[in-house]
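Shown next, in structure tokens, is the structure this report addresses.
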Amino acid sequence: MASKGVVGFLGLDELSLDLAASLLRSGYAVQAFEIYEPLISDFLKLGGSRCASAVEAGRGVAALIVLISHADNLNDVIFGNEGALKGLHRDVVVILCSTLLPSDIRNLEKHLTDDCATAYLVDAYVSRGKSELLDGKVMITSSGRSDSIARAQPFLSAMCDKLYIFESEVGTGSKINMVNDLLEGIHLVASLEAISLGVKADIHPWIVYDIISNAAGNSWVFKNHVPPLLRGHTKRHFLNTLLQKLGVILDVAKSLTFPLPLLAVAHQQLNLGCSHVCEDDDNATLVKAWEEVLGVKIADAANAEIYSPEQLANQNTAKSSAVNRIGFIGLGAMGFGMATHLLRSNFCVIGFDVYKPTLTRFAEAGGLVGNSPAEVSQDVDVLVVMVTNEAQAESILYGEFGAVSALPSGASIIISSTVSLGFVSQLEQRLLNEGKGLKLVDAPVSGGVKRASTGTLTIMASGTDEALKSAGLVLAALSEKLYIIRGGCGAGSGVKMVNQLLAGVHIASGAEAMAFGARLGLNTRLLFDVITNSGGTSWMFENRVPHMLDGDYTPYSAVDIFVKDLGIVSHECSSLKVSLQVATVAHQLFLSGSAAGWGRQDDAGVVKVYEALTGVTVKGEPPVLKKGVVLKSLPAEWPLDPIDDIQKLNQNNSKTLVVLDDDPTGTQTVHDIEVLTEWTVESLAAQFRKNPKCFFILTNSRSLSSEKASALIKDICRNIDTAANSAENIGYTVVLRGDSTLRGHFPEEADAAVSVLGEMDAWIICPFFLQGGRYTIEDIHYVADSDKLIPAGETEFAKDAAFGYKSSNLREWVEEKTGGRIPASSVTSISIQLLRKGGPEAVFEHLSSLPKGSTCIVNAASERDMAVFAAGMIKAELKGMRFLCRTAASFVSSRVGIIPKAPILPKDLGINKERNGGLIVVGSYVPKTTKQVEELRLQCGQILKTIEVSVDKLAMRSGEERKEEISRAAELADCFLRAREDTLILTSRELITGKSLLPSTKELLSKAEKGGYAVGAFNVYNLEGVEAVVAAADREQSPAILQIHPGAFKQGGIPLVACCVSAARQASVPITVHFDHGTSKQDLIEALELGFDSAMADGSHLSFKDNVLYTRFISLLAHSKGMLVEAELGRLSGTEDDLTVEDFEARLTDVHQAQEFIDETGIDALAVCIGNVHGKYPATGPKLRLDLLEDLHTLCLKKGVFLVLHGASGLSKELIKGCIERGVTKFNVNTEVRKAYMDSLNTPSKDLVDVLASAKEAMKAVVAEKMRLFGSSGKAS
């Protein structure tokens, strides 16, 4: 391989040897100056050249890698008489790999730029990845001016597996290193505190380690530093080095006036540990120092006899007693999931919760319900308590109608709440004193709501053998990992307490680190990416920091939860006489957040404490990615072109590639391939008998509905299979060629194909398309826009009316498009690193290792990447593997081994220079196409004849108007072309969704949400009502919604709907038409075809399960027509249009149930029940639960769902304002408008015309008043 140039090294270490080896493999010549003989010897073995001096190391190089650990060495090594600078030419780039402070690096750059010929300096922090993905691989974080980065990038990319680039002043790598060291320092002390607390609570250190390293309290430091610490392998010098690093960080923070309370106390703890060890004792260990500081015998505890908590759990389950009846108290988010999972596990469960709607929901799930803890506890074998805190546990056990008095003799209680050790110990003694043989199992849980509902929790249980045996089957049913901890009641809570100590500290330290990074001027999103692959990462850092970056504090676990849990830690460390300073400071941070009013927000909200104190903002916008920078940051391509190998492999591979093309553009990257436009068995068999390597079938399925597309694919696949079998059993691979911007019928078409062809070894997802500027890098799919890479989910393509999506990460896209059927965590991927460093063989091995039925994403940024994958895939096919491919156009040409041809020129088509006139047809409506049309007209407008075809006339008007528009365009085109004029035919640029030209209800509500007002939805029954609403809206310049109730639709029928649609279309202000309270499928299905913009699927009269099924069915139908779907959860009392709901049937909306309902149904708007009623309110007036509304608003805001309130008639101005402040964007109004109509009829009038006019004016007055009340007046524009 010819040399790409020379790279010099000034100094070597073990890590730089890997850098040198990578450069040599990439074709560079490498030379180095190093005085330590063992290092230079290893360097020579790699193939490098030795230099006698620093000057010689810099002579003739294109890049100089400088390794310096102290600023004092800079003058001698670089600027001295024998310094490297003497040998450098003018354009060399200096890459500084050091641990210098940012200020020292900036000074070096100034010196090089101002006083020397060298103008290019890049700061590169080199480390080894710590994540599962990059474990042990070389990472480089670089910074510098854009021109310096551009010059250094080829060398940086060649040296590492992962390159991060910060186009900023030099020193960024050093700053990131400080943030990482901050986290590692805090995590180390937290790990020591956790182990110490566990020892004091009589829990074996290795048991703590084994459980926590697989739980939410885990961190890279805990997992990797605790084992050598417990074994006594961590020596004193480790402390000295760490202390020095942390001291430097504190000095920098002091200079920036930035508080780092967690780091400061961690530093002091480590400093104290050092003071307890003799300076001349090189064999002194960290564990010894820590024992001296805290007086905890960690080493003795670690060497004590060990046992297996999991093995004990298995033994206990095997001999557990049968359980006939379970009581369950506390049906909150976790408790409800646990209780319903026990039901699904065939246990008889009776539940209690203070929130009555949850009891109703539990009954609907098949459970029994009780009216008090005592009632639930009668005749049960096991009582599970899953309440929030000790006070609640005390109340339900010993308060009025408490459980203990009602429990039968010999029953067992499982306490699964997070409570203190002291509470559990005292409770056990109190139960013993009852004299009823009651048993207690201490069994705190971990894992979250989802795992609770699936029975995959982690449970740490403790108690007497008898108690554990009696509850064993219940514990086993609820858990994936069940640990039995010896030590009696309280030991389980002890382990949970240790886990919460670490989890809380890791959230707080993540907040401190990210805030400090923001103060240092770092891009917080890039900083997060770097840390997740470094030693400062933790489970909580990776899970909670994204909330901080998004500024989304929707509570998953609240700040107040950690006020409680770390409060337990603080209390126990006082009781056990062990000083846990880092945990205590973390507790104070959460307390500060709660005191500031953020207690009910997500626990990641603790970052607001730092933001409020310092003025920094952690929330970060995704960085703008420059295409050139990103592509250059990737490793060098696989050096060998696999096309020849692909062609040879295809000769041995009997499988024909059958490409089902969902629109006519898929053939643009291939040549000499036949395309079929029909798919009879006969034509397909004839094609197979030709033994082609590939052929296309043009399906045009993207233009069809989902159902029709699926049916078409099934039909084609059946014919393909029949034809292939008839043609001597020819093998084939099906490719579903789709859009490179992820639009199309996925997974419907893939499911349809598999239903005919059988299960595949893997689905291959590969949307890379070079010619269109579509790249997939680190599983994120990008669309190039000029010199930028835009995540696909942020482009106009993702907003497609038919095929829209949100996710740019293809793992998450698969989960999104499959509705969670294929979770993101189960999707595998082939990385660019694997393609470029492992080649086809690595692809083959990866594919061969996949479990059957996998989904695999292919990353690619070049045609070579595509070819490497294709070669590896063919090898896997030759071994018998079967794949179904969902790809863009580039995959096909690579898989077949087609060598690209140059673009066709006019002479290739027999066109001479004489101007004959050409035809350009443009149909796409996306903004990018519109820009392209504008550019075409700008450059060629003077010679181009343009014909615009009205989509409105084609799609929305009468058949006669449609025919007339087509004839007009055809005649004009014919005239222009006969005159040899270049002609452009384009569709009008406005998007027509296919139902009407009405503004959408979604647009109205979205504007209301942003503008802080609400839109009135007014029920209408006749022409006067319609005119009253439209006239009021026009006068008030307000948007409005015309609503038709099924009762009104029954009387007025299609003419009433047509009246509303026509009035809305002709109105001067935005008005839409809504079908209200659709309680029957028949009514709704009919309504969907009549021009409504939105509809309400009202299944509130059904059970929760049936409501979900009903609403989901309507949502799918309505969304296929671009309609907004509203649904109701809970049930309003009162009467509306002869539909009466009695008070005893009414129920409030449950927040947790609402989250599941929204996720399962895909609705756009949620009508909530918070004490509102249909019709008149009682004499005492409305009693709305605004606190419940606030919680529902938080949920709906996160889910992107609008809040709707029915029963707005009779609400006061103050209540309306309060509801709008809490997110209500649509109020339903019926009773007051109807009353105005009816009252007007009692006024004597001369003529029927006067009656109608009077009724209209009366209704108009009420409607206008409501518009002003809702704040929508003046908001029509």
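The values are calculated or read from the model by the stated rules, or taken from the named source; none is laboratory data. This one's a predicted model, so the numbers in the text were calculated from it and none came from an experiment. Because the Cβ atoms are built from the backbone with ideal geometry, glycine has one as well, and the counts that use them run over all protein chains shown. For the accessible areas, the whole protein counts, side chains as well, though only heavy atoms, and no ligand, DNA or RNA atoms are used. Shrake-Rupley method; radii C 1.70, N 1.55, O 1.52, S 1.80 Å.
Brief remarks on what is shown
- Potential lengthening of the chain between residue 224 and residue 1257 amounts to 364.1 nm, from the contour at 0.36 nm per residue minus the alpha-carbon distance.
- The stretch 179-200 versus the stretch 350-409: alpha-carbon centroid distance in Å: 39
- In order along the stretch 764-773, phi translates into HN-Hα couplings of 9, 10, 9, x, 4, 8, 4, 4, x, x Hz, rounded to whole numbers, per the Karplus curve 6.51 cos²θ - 1.76 cosθ + 1.60 with θ = phi - 60° and x for Gly and Pro.
- Percent of beta bridges antiparallel (DSSP, the chain, rounded to nearest 5): 20
- For the chain, accessible area per residue (1.4 Å probe, heavy atoms of protein chains only), Å²: 41
- Residues in the stretch 1089-1121 reached by a label modelled at residue 1054 [backbone nitrogen below 18 Å; 7 Å Cα→Cβ]: 1089-1093
- Relative contact order of the stretch 427-505, defined on C-alpha pairs under 8 angstrom at six or more residues apart (%): 30
- FRET efficiency, 1/(1 + (r/R0)^6) with R0 25 Å, evaluated for residue 940 and residue 796 via beta carbons: 0.55
- Using R0 = 45 Å, the C-beta based FRET efficiency linking residue 652 and residue 244 works out to 0.15.
- Residues whose amide H falls under 5 Å from that of residue 1077, counting only those 5 or more places apart or on a different chain, are 1096, with hydrogens built in the peptide plane.
- For the stretch 565-713, lysine pairs separated by 8 or more sequence positions, or belonging to different chains, with Cα-Cα distances below 14 Å total 4.
- Cleavage-rule hits, trypsin sites (Lys or Arg not before Pro), the stretch 604-701, DSSP coil, Cβ neighbours within 10 Å at most 12: 690
- Net lengthening on full extension, residue 663/residue 272 (0.36 nm per residue, minus Cα-Cα): 133.7 nm
- Heavy-atom surface analysis with a 1.4 Å probe gives the stretch 608-652 a carbon and sulfur content of 53 percent of its accessible area.
- Contact order for the stretch 215-331, expressed relative to its length and based on alpha carbon pairs under 8 Å spaced 6+ residues apart, stands at 29 percent.
- Taking a point 7 Å from the Cα of residue 579 along the Cα-to-Cβ direction, the residues of the stretch 294-326 with backbone N closer than 20 Å to it are 294-299.
- Between residue 828 and residue 398, the modelled label-to-label distance comes to 5.6 nm, taking each label 7 Å out from Cα in the direction of the beta carbon.
- Modelled spin-label separation between residue 46 and residue 960, with each label point placed 7 Å from Cα along the Cα-to-Cβ direction: 8.3 nm.
- Rel. contact order, % - alpha carbon contacts under 8 angstrom, at least six apart, the stretch 276-379: 18
- Entry note, the chain: the mean residue ellipticity at 222 nm calculated from DSSP H runs of n ≥ 4, each adding -39500 (n - 2.57), is -14500 deg cm²/dmol after division by the residues and rounding to the nearest 500.
- Length released on extending from residue 132 to residue 904, taking residue separation times 0.36 nm less the Cα-Cα span: 273.2 nm
- R0 of 22 Å, Cβ-Cβ distance residue 707-residue 1106: FRET efficiency to nearest 0.05: 0.40
- Simple spin-label estimate for residue 147 and residue 436 in nanometres, 7 Å along Cα-Cβ: 8.4
- DSSP-assigned coil residues among trypsin sites (Lys or Arg not before Pro) in the stretch 851-902, each with at most 12 further Cβ atoms within 10 Å: 852, 879, 901
- The stretch 327-427: chymotrypsin sites (Phe, Trp or Tyr not before Pro) falling in loop per DSSP and having at most 15 other Cβ within 10 Å: 355
- Span-rule helices in the chain, defined as complete DSSP H runs reaching 27 Å or more along the axis (Cα) with Kyte mean at least 0.5: 172-200, 491-519, 1248-1270
- Amide N of the stretch 170-202 lying under 11 Å from the label point, which is placed 7 angstrom from the Cα of residue 107 along Cα→Cβ: none
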